[in-house]
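The values are calculated or read from the model by the stated rules, or taken from the named source; none is laboratory data. What you are looking at is a predicted structure, and each value in this text was computed from that prediction instead of being measured. Positions of Cβ are generated from backbone atoms using ideal geometry, with glycine treated the same way; all protein chains shown enter the neighbour counts.
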Amino acid sequence: MTPRIRPDLATLPAYVPGKTFPGAVKLASNEVTFGPLPSVATAIADAAVGLNRYPDNAMVELTEALAKRLGVTPDNIQTGCGSVSLCQNLIAITSAPGDEVLFGWRSFETYPLATRVVGATPVQIPLTGDHTYDLSAMAEAITERTRLIFVCNPNNPTGTVVDADDLTAFLDRVPPEVVVALDEAYIEYLRPSAEQRYDAIELHRRYRNLVVLRTFSKAYGLAGLRVGYAIADPTVIEALRKVHIPFSVNSLAQAAAVACLAADAELLARTEAIVAERARVSARLIELGYRVPESQANFVWIDLGADALDFAAAGLEHKVVIRPFAGEGVRVTVTEPHENDVFLDFAQRWVSEAG
Ligand code: PMP
């Protein structure tokens, strides 16, 4: 007799992150290349002295620092072990078997996986032809079983963003009891056009069902420590606190995140270099004949259709690790010029070999 596992999980794939190897340029996980600032490393070392104790489960210092920075109150904030845990917890507090969780597709893989873990039904609405969330098609797809909607902006893996008017028109159409999670994991890289500009904090005040998700993993460079946060109405935050795994934001992570906030001008200034590189990498790829939608994140999407897996496999031979999506395309992190050049060199070779 084998242990009894829920049969509906048999077809659920495990999350497989991009693998790397010595000497490779890793462009598969949208990380930054720099390590913690000296002030952040010191905060981590200081916190390490108290590792015999459990962390602060209420995460008071970090929650208060975030509330102050964002102009909200601590009862509008819940931190979690990466924003991925907050995606899971939002599903847990809204959805049960028979309920629907709606999102654009392709988008962040956690949405369908975590939905299936609770036995709810993922409803995936194809992106528009230009790889952007199709908010009007999503509004049409809302049923009386819809409990939660994810809008990933900028979208992972395509980097595209929705227009602000389309977002508010969409929020106007969502019934107020349906929670909308605006996943802004890459927001620090957004340089919005006039049409794309919105203020998420203001929106969450206007729409009590709106939850904004952010992370310290990307622009703040703490991917290895796992800290994210949700900004929402206190009713949602209260529920998130009930399902939070006790002590899951460890004390080093809390101290590092507080220190990052204290140094955020310096950290955010570093996003400028990525934004400039994103423009350079995209322009070069387009010049080489690739189809690349305009990205507002720290990665670019290349629409490769059936060639996606072959392209990524050839990249490995060139010591470049990128993230393929079979039959669709590849996502390539934008980092420092010398790493981006290794990728561009490979992308150019691929074109000349194909031609
Ligand atoms: N949302 C999106 C869209 C992401 O791409 C990611 C990370 N890949 C996350 C959330 C989760 O980030 P973390 O758990 O590291 O905060």
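Residues in the stretch 91-98: is at least one within 16 Å of the ligand (Cβ to nearest atom) and more than 19 Å from residue 236 (Cα to Cα)?
Restricting attention to the stretch 91-98, the residues satisfying the condition of being within 16 Å of the ligand (Cβ to nearest atom) are 91-92.
Add one more test, that the residue is more than 19 Å from residue 236 (Cα to Cα), and what stays is none.
Checked against the condition, which is being within 16 Å of the ligand (Cβ to nearest atom) and more than 19 Å from residue 236 (Cα to Cα), the stretch 91-98 yields no hits at all.
Identify, please: which residue in the stretch 68-83 is among the β-branched types (Val, Ile, Thr) and in contact with a strand residue (DSSP E or B) (Cβ under 7 Å, 6 or more places away or on another chain) and is, among those, farthest from the ligand (Cβ to nearest atom)? Explain how you work it out, then say what you get.
Kept after step one, since they are among the β-branched types (Val, Ile, Thr), are these residues of the stretch 68-83: 72-73, 77, 79.
From the residues that got through so far, the ones that are in contact with a strand residue (DSSP E or B) (Cβ under 7 Å, 6 or more places away or on another chain) too are 72, 77, 79.
Working: 72: 19, 77: 15, 79: 10 Å.
Taking the candidates together, the pick is 72.
What are the residues in the stretch 149-179 that are in contact with a helix residue (DSSP H, G or I) (Cβ under 6 Å, 6 or more places away or on another chain) and either of a type in the set (Asp, Glu) or within 18 Å of residue 115 (Cβ to Cβ) (or both), if any?
Listed by number, the residues that qualify are 150, 163, 166, 179.
Being under 28 Å from residue 290 (Cα atoms) and more than 16 Å from the ligand (Cβ to nearest atom) narrows it down to one of 130, 199, so name that one.
130
Going through 109, 100 one at a time, which residue ends up being surrounded by 20 or more Cβ atoms within 10 Å (Cβ to Cβ), among the charged types (D, E, K, R) and within 22 Å of the chain's Cα centre (by Cα)?
Testing whether each residue is surrounded by 20 or more Cβ atoms within 10 Å (Cβ to Cβ), among the charged types (D, E, K, R) and within 22 Å of the chain's Cα centre (by Cα) leaves just 100.
Does the stretch 1-18 hold any residues that are part of a loop (DSSP other than H, G, I, E, B) and among the aliphatic types (A, V, I, L, M), and which are they? Break it down into steps so the answer makes sense when it comes.
Of the residues in the stretch 1-18, the ones part of a loop (DSSP other than H, G, I, E, B) are 1-6, 10-18.
Residues satisfying the conditions are 1, 5, 10, 12, 14, 16.
Residue 332 versus (1) touching a residue at least 12 places away in the same chain (Cβ under 8 Å); (2) surrounded by fewer than 17 Cβ atoms within 10 Å (Cβ to Cβ); (3) not basic (Lys, Arg): which is the lone unmet condition?
The failed condition is (2).
In contact with a helix residue (DSSP H, G or I) (Cβ under 8 Å, 6 or more places away or on another chain), free of Cβ contacts under 8 Å to residues at least 40 places away in the same chain, under 28 Å from residue 279 (Cα atoms) and within 16 Å of the ligand (Cβ to nearest atom): does that describe residue 182? Quick ask: steps written out before the conclusion?
Values: in contact with a helix residue (DSSP H, G or I) (Cβ under 8 Å, 6 or more places away or on another chain): yes; free of Cβ contacts under 8 Å to residues at least 40 places away in the same chain: yes; under 28 Å from residue 279 (Cα atoms): yes; within 16 Å of the ligand (Cβ to nearest atom): yes.
Criteria met by residue 182.
Mind listing whichever residues of the stretch 139-170 are farther than 18 Å from residue 123 by Cα and assigned to a helix (DSSP H, G or I)?
Once the filter is applied, which keeps residues that are farther than 18 Å from residue 123 by Cα and assigned to a helix (DSSP H, G or I), the stretch 139-170 yields 164, 165, 166, 167, 168, 169.
Going by the structure shown, is residue 191 at pLDDT 95 or above and more than 16 Å from the ligand (Cβ to nearest atom)? Write out each step before concluding.
Values: at pLDDT 95 or above: yes; more than 16 Å from the ligand (Cβ to nearest atom): yes.
When the stated conditions are applied, residue 191 passes them.
Which residue out of 28, 14 is aliphatic (A, V, I, L, M) and surrounded by 10 or more Cβ atoms within 10 Å (Cβ to Cβ)?
Values: 14 fails: surrounded by 10 or more Cβ atoms within 10 Å (Cβ to Cβ).
Being aliphatic (A, V, I, L, M) and surrounded by 10 or more Cβ atoms within 10 Å (Cβ to Cβ) holds for just one of 28, 14, which is 28.
So residue 48 fits all but one of (1) within 18 Å of the chain's Cα centre (by Cα); (2) of a type in the set (Gly, Ala, Ser); (3) loosely packed, with under 12 Cβ neighbours inside 10 Å; what number is the exception?
Failed condition: (1).
Specify which of the listed residues (282, 295) is surrounded by 21 or more Cβ atoms within 10 Å (Cβ to Cβ) and small (Gly, Ala, Ser). Write out each step before concluding.
Details: 282 fails: surrounded by 21 or more Cβ atoms within 10 Å (Cβ to Cβ).
Going through 282, 295 in turn, just one is surrounded by 21 or more Cβ atoms within 10 Å (Cβ to Cβ) and small (Gly, Ala, Ser): 295.
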